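Beneath this line is the structure, given in structure tokens, with notes to follow.
The values are calculated or read from the model by the stated rules, or taken from the named source; none is laboratory data. Since the structure is predicted, the reported quantities are computational estimates derived from the model, not experimental observations. Here Cβ is always computed from backbone atoms with ideal geometry, including for glycine, and neighbour counts include all displayed protein chains.
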Amino acid sequence: MSLIALRQTEKYYNKGKETQVHALREVFLEIERGEMVAVMGVSGSGKSTLLHVLGLLDSFDGGQYVFDGTDVSALQPNQLALLRNEKIGFVMQNFGLILHQTALQNVSLPLLLNKHTKYVQVSPRALKLLEELGIGEKAAVPVDQLSGGQQQRVAIARAIANEPLLLLADEPTGALDSGTAEEVMQIFHRLNEEKGMTVILATHDPKVAAECSRIVYISDGIIQGRRD
Ligand SMILES: Nc1ncnc2c1ncn2[C@@H]1O[C@H](COP(=O)(O)OP(=O)(O)O)[C@@H](O)[C@H]1O
Ligand SMILES: [Mg+2]
């Protein structure tokens with residue numbers, strides 16, 4: 001069974017209005033557990049929309065999405081939130097951190113929302129994650145005092161806090177210099193290879209895409225060269 005199966009999935013913004021955008025068109029996409037997939041396309045092609053739908057952050061308007069055996073269109077908002085918290089990590093394009101809070105507080109948040117994590121385990125676990133990502137010494141520093149590369153590591157630590165099956169990252173190297181970008185890619189490789197996480201990242205950097213096990217091209221909301 002695939003981890004992800006989109007079938008004829010459609011997504012509109014501002015549906016029925018003059019400003020309507022048809023952002024995903026009849027998308028068929030299957031992704032197996034353990035894959036590391038790059039989603040490539042020019043700006044405005046639908047990369048973020050696709051990731052947001054896959055990450056259960058955004059609804060869709062037609063077709064089907066089966067995630068880890070669950071047809072997500074049948075779920076209520078609270079069930080979606082639970083599934084997202086337990087099984088999906090998302091590294092937002094602008095990191096999406098709470099800037100005035102410390103690195104530790106940012107990473108603690110998804111752990112606090114997880115019913116299976118005891119309160120006393122939250123801080124030690126968050127610190128361990130920061131240490132694993134090489135920024136343990138920044139735990140008590142407010143995120144707005146960290147460099148871009150350090151913020152990206154905090155964002156990744158937060159995304160993987162609940163050991164998700166699926167890690168989504170929206171242009172994770174886009175704002176980083178090439179050395180830092182390479183370090184961040186090494187982190188994704190490690191999570192994919194050592195922890196078996198399925199990784200999907202949007203990028204328009206061919207070098208980043210070439211490091212992935214598969215490239216999915218999207219243009220005008222259409223996935224090119226589908227496999228099935
Ligand atoms: N919240 C939104 N409201 C209206 N249109 C949007 C919204 N988000 C994205 N779009 C439009 O949907 C299309 C796909 O955008 P997006 O998924 O952000 O592309 P990419 O990430 O590849 O740059 C674009 O035409 C964009 O303008
Ligand atoms: Mg985008």
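Take the residues in segment 32-48 that are more than 19 Å from Leu80 (Cβ to Cβ) and small (Gly, Ala, Ser), then tell me which one is farthest from ligand 1 (Cβ to nearest atom).
Going through the qualifying residues, I end up with Gly34.
For (1) of a type outside the set (A, V, I, L, M); (2) touching a helix residue (DSSP H, G or I) at 6+ places or on another chain (Cβ under 7 Å), each residue gets a yes or a no:
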{"residue": "Ala81", "(1), (2)": "no, no"}
{"residue": "His100", "(1), (2)": "yes, yes"}
{"residue": "Gln105", "(1), (2)": "yes, no"}
{"residue": "Leu113", "(1), (2)": "no, yes"}
{"residue": "Ile135", "(1), (2)": "no, yes"}
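So Leu168 ticks every box in (1) at pLDDT 95 or above; (2) part of a loop (DSSP other than H, G, I, E, B); (3) within 16 Å of ligand 2 (Cβ to nearest atom) but one. Which box is left unticked?
(2)
Condition first: at pLDDT 95 or above and within 12 Å of ligand 1 (Cβ to nearest atom). Now tell me which residues in segment 6-16 satisfy that.
Selection gives Lys11, Tyr12, Tyr13, Asn14.
Pairs please, first residue from segment 166-190 and of a type in the set (A, V, I, L, M, F, W, C), second anywhere and at pLDDT below 90, Cβ atoms under 7 Å, 6+ apart in sequence or on different chains.
Val184/Leu176
Taking Leu130, is it part of a helix (DSSP H, G or I) and either within 20 Å of the chain's Cα centre (by Cα) or surrounded by 15 or more Cβ atoms within 10 Å (Cβ to Cβ) (or both)?
Answer is yes for this residue.
Tell me which residues, restricted to segment 32-48, are within 16 Å of ligand 2 (Cβ to nearest atom), in a loop (DSSP other than H, G, I, E, B) and either hydrophobic (A, V, I, L, M, F, W, C) or exposed (fewer than 15 other Cβ atoms within 10 Å of the Cβ) (or both).
First, pick out the residues of segment 32-48 that are within 16 Å of ligand 2 (Cβ to nearest atom): 37-48.
Going one step further and asking which of them are in a loop (DSSP other than H, G, I, E, B), we end up with 41-46.
Answer for segment 32-48, where residues must be within 16 Å of ligand 2 (Cβ to nearest atom), in a loop (DSSP other than H, G, I, E, B) and either hydrophobic (A, V, I, L, M, F, W, C) or exposed (fewer than 15 other Cβ atoms within 10 Å of the Cβ) (or both): Val42, Ser43, Gly44.
Scan Gly44, Gly89, Gly96, Gly62 and give me the residue that is at pLDDT below 95 and either under 21 Å from Ile215 (Cβ atoms) or in contact with a helix residue (DSSP H, G or I) (Cβ under 7 Å, 6 or more places away or on another chain) (or both). Spell out how you get there, then give the answer.
Working: Gly44 fails: at pLDDT below 95; Gly89 fails: at pLDDT below 95; Gly62 fails: either under 21 Å from Ile215 (Cβ atoms) or in contact with a helix residue (DSSP H, G or I) (Cβ under 7 Å, 6 or more places away or on another chain) (or both).
That would be Gly96, the only listed residue that is at pLDDT below 95 and either under 21 Å from Ile215 (Cβ atoms) or in contact with a helix residue (DSSP H, G or I) (Cβ under 7 Å, 6 or more places away or on another chain) (or both).
Among the residues of segment 187-227, write down those that are surrounded by fewer than 12 Cβ atoms within 10 Å (Cβ to Cβ), in contact with a strand residue (DSSP E or B) (Cβ under 8 Å, 6 or more places away or on another chain) and more than 25 Å from Gly44 (Cα to Cα).
Matches in segment 187-227: none.
Would you confirm whether any residue within segment 178-191 is in contact with an Asp or Glu (Cβ under 8 Å, 6 or more places away or on another chain) and within 16 Å of ligand 1 (Cβ to nearest atom)? Walk me through it before giving the result.
Initial filter on segment 178-191 (in contact with an Asp or Glu (Cβ under 8 Å, 6 or more places away or on another chain)): 181, 185, 189.
Narrowing further to those that are within 16 Å of ligand 1 (Cβ to nearest atom): none.
Checking segment 178-191: not a single residue is in contact with an Asp or Glu (Cβ under 8 Å, 6 or more places away or on another chain) and within 16 Å of ligand 1 (Cβ to nearest atom).
Considering segment 32-74 alone, what residues qualify as being out of contact with any strand residue (DSSP E or B) (no Cβ under 6 Å at 6 or more places or on another chain), among the acidic types (Asp, Glu) and touching a residue at least 60 places away in the same chain (Cβ under 8 Å)?
Glu32, Asp68
Taking segment 57-73 only, how many residues are of a type outside the set (D, E, K, R), part of a loop (DSSP other than H, G, I, E, B), over 15 Å from Leu29 (Cβ atoms) and more than 16 Å from ligand 2 (Cβ to nearest atom)?
2
Identify, from the list Leu24, Leu51, Leu29, the residue that is surrounded by 15 or more Cβ atoms within 10 Å (Cβ to Cβ) and more than 10 Å from ligand 1 (Cβ to nearest atom).
Only one candidate qualifies: Leu29.
Given the conditions (1) more than 16 Å from ligand 2 (Cβ to nearest atom); (2) closer than 19 Å to Glu10 by Cβ; (3) surrounded by 14 or more Cβ atoms within 10 Å (Cβ to Cβ), and given that Asn106 satisfies all but one, which numbered condition is not satisfied?
The failed condition is (2).
Restricting attention to segment 173-204, which residues are assigned to a loop (DSSP other than H, G, I, E, B) and under 21 Å from Leu54 (Cα atoms)? Write out each step before concluding.
At the first step, the residues of segment 173-204 found to be assigned to a loop (DSSP other than H, G, I, E, B) are 173-177, 195-197, 204.
Once the filter is applied, which keeps residues that are assigned to a loop (DSSP other than H, G, I, E, B) and under 21 Å from Leu54 (Cα atoms), segment 173-204 yields Thr173, Gly174, Lys195, Gly196, Met197, His204.
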